[in-house]
Amino acid sequence: MKKYITIFASLSVLLFAFSSCRKAFLEEKPFSTYTPLTLTDSLGFEASLIGLYNHTSTIFSWADQQGWPSVWQVGTDVANATNNQQGIEIPYYSYATLTSTDNAAARTWNRNYIMVNLTNTIIDGIENPATTSLSANGKKMVSAEAKFFRAYAYNNLATLFGGVPVISHALTGPKTDFVRAPIADVNNFIVADLVFAAANLPDIEAVKTNTKGKMYGRANKFMAMQLLTEVYLRIGKPDLAEQQAQAIISSGKFSLIKNRYGVKISQRGDYYSDMFQYGNQRRAQGNTEAIWVLEQENPTVVVGGITDNPQQRRVWGAAYYNIAGMALADSLGGRSIARLRLSNWVLYGLYKGNDIRNSQYNIRRRYYYNDPNPTYAARYGKQVPFTGPDTLLNICPSTTKWGAFDPNDTFGYAMIKDFILMRLGETYLLLAEAQVAQGKTADAAATINVLRTRANADQVTAAEMTKDFILDERARELIGEENRRMTLMRTGTLVERALRLNSNDASKPITGLTSKALLLPIPLSEIQLNKDAVLTQNPGY
């Protein structure tokens, strides 16, 4: 004890001596603060804008909950869970267990509201009169990029939760009195941001110049126009949606992939599958359909190249290597664990004829023993038979869009591909949806036939043009890419389509699905923390 007292006394003397020499010793110098720092210079704005892409990536990558990608697919019309489910996806096919304490709904709310505050910090800074380091045009471009992402976050929230609190400025302290804005007010807020973004973001060709060729995935005006098309459809303004989609298509900046290209052009494949090969996905890599590609970098090559460890390949692909005589291979998409399985409707009822989107290079339906180990010599090269539960997990038919093999990570924990978030193929689908909503069925058929011609699929007629057909065609074109749950919630068709097309899966059937699932529950934690106002819950929760 005497030793400790001596040390303390000595330290006190030193501190007194030090403070006597420096009168400012006791002045507070906080190195962190709840209040966002005020942005005033161009480097600060640029770093903050780049951070928005990093944060967007976290919406798609969550390794702690490996079933996260399944949440947006299982229990819809296109996919079912397997016996290798991870857990977070269970309430999204066993709907009676979807409650206000749901982790996926809470994660969705959290990620998007963080995005809102990040963008508000940038927008507040650029609108601050003290910010004089940027030109008027430079300020508009910064604001437009931030407003695109704010609109992106609010569109996610509005589609999934309905009316939500609208926050137009960065929070500068604790707030516990949020109230939900009417959905019309949320929609108007989104539209205003996107109209501004579309008018002030650079053309897609200018992005390369503006970023010195380092980041082709930076926001361009066509991203805002594509999102605005979707928003106009969701809020019942198909005429305005049609205008936006037509403007993208007629811009001449994009074209559908119709010929082989890129890194595997000398290998077996087809032009549609080329678009999803690692090394082919970006505009700079030959993908002329790309409108928005969220670029990722291989973490074994570039430290910090991805956020967390995205699980899309492991979720979507088959666990074929569990079968004796099968070895991991690049040609089979690397290592996956089949956390979901395409629905019988997709596998056996969706595609007709020689549709290239159903080719062996796009939906793998057959597997062949490939392990050269002499132990399996009698099997080598022969087709793996479909027997028993293997067909639901180990050799289940699966999309190839997420397959990629990294020799530096044969275990395959992280998905190394980019996220193609917007492409021209979807623009045609949004246009056709807008045309059907206006009764322009002949125009819609012509629009859809552009896609079907590219896919070598049979042509369709005006009489076939319905909302349901458009949603069928979206599945054919965008399986594995689109957030299917959000699409069906946006169109109000989740319950009807899931029950009609995918309710009888023998492994993990859909149960408890009612109209309440057209909106997610407001997280109970948010309601409880909001002690000074009522944050109302969605019906049924």
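Values in this text are rule-based calculations from the coordinates and carry no lab data. Note that the structure is predicted; figures quoted are calculated from it, not measured. Note: ideal-geometry Cβ built from the backbone for every residue, glycine included; neighbour counts use all protein chains shown.
For the chain, what is the calculated [θ] at 222 nm in deg cm²/dmol (nearest 500), taking -39500 (n - 2.57) for each run of four or more DSSP H residues and dividing by its residue count?
Details: 17 runs with 216 residues, N = 541.
It comes out at -12500 deg cm²/dmol, rounded to the nearest 500.
Projecting label points 7 angstrom from Cα along Cα→Cβ for D308 and S255 puts them 3.9 nm apart. Among the listed values [x] 152; [y] 143; [z] 216, the one matching volume of the Cα convex hull per residue in Å³ as calculated from this structure is [z]. Annotation: extensible slack from E496 through D177 equals 111.2 nm (criterion: 0.36 nm per residue apart, minus Cα-Cα distance). Close amide H contacts of M422 (hydrogens built in the peptide plane, cut-off under 5 Å, sequence separation of 5 or more or a different chain): I291, W292. Simple spin-label estimate for Y348 and T514 gives 3.1 nm between the two label positions (7 Å along the Cα-to-Cβ direction from each Cα). Our estimate of slack between E205 and A96, defined as 0.36 nm per intervening residue step minus the Cα-Cα distance, is 34.4 nm.
Between I356 and Q243, full extension at 0.36 nm per residue minus the direct alpha carbon distance yields a gain of 37.7 nm.
In this simple spin-label model, placing a label point 7 Å from the Cα along the Cα-to-Cβ direction at both A442 and F386 gives a separation of 4.3 nm. Think of the chain as having a plus end and a minus end, set by charges on the Cβ of Lys, Arg, Asp and Glu; of T399, T40, Y351, T399 sits farthest toward the positive end of this dipole.
Quote the relative contact order of the chain in percent (integer), defining contacts as alpha-carbon pairs under 8 Å separated by 6+ residues. Could you put the intermediate results ahead of the total?
Details: 927 pairs, mean separation 110.8, N = 541.
Computed over the chain, the figure is 20 percent.
Among residues other than R150 with Cβ under 14 Å from its Cβ, the summed charge is -2 (Lys and Arg +1, Asp and Glu -1).
For the chain, the antiparallel share of DSSP beta bridges with both residues in that region comes to about 85%. Over 29 Å apart at the Cα level, from the set K401/K508; K264/K382; K139/K401; K258/K508; K147/K264, are K139/K401; K258/K508; K147/K264.
Each Lys and Arg adds +1 at its Cβ and each Asp and Glu adds -1 at its Cβ; summed about the Cα centre, the chain shows a dipole of about 880 debye.
Each of I306, A198, S250 was scored by the projection of its Cα onto the charge dipole of the chain, and the greatest displacement toward the positive side belongs to I306; charges sit on the C-beta of Lys, Arg, Asp and Glu.
Taking Lys and Arg as +1 and Asp and Glu as -1, the other residues whose beta-carbon sits under 13 Å from that of A462 total -1.
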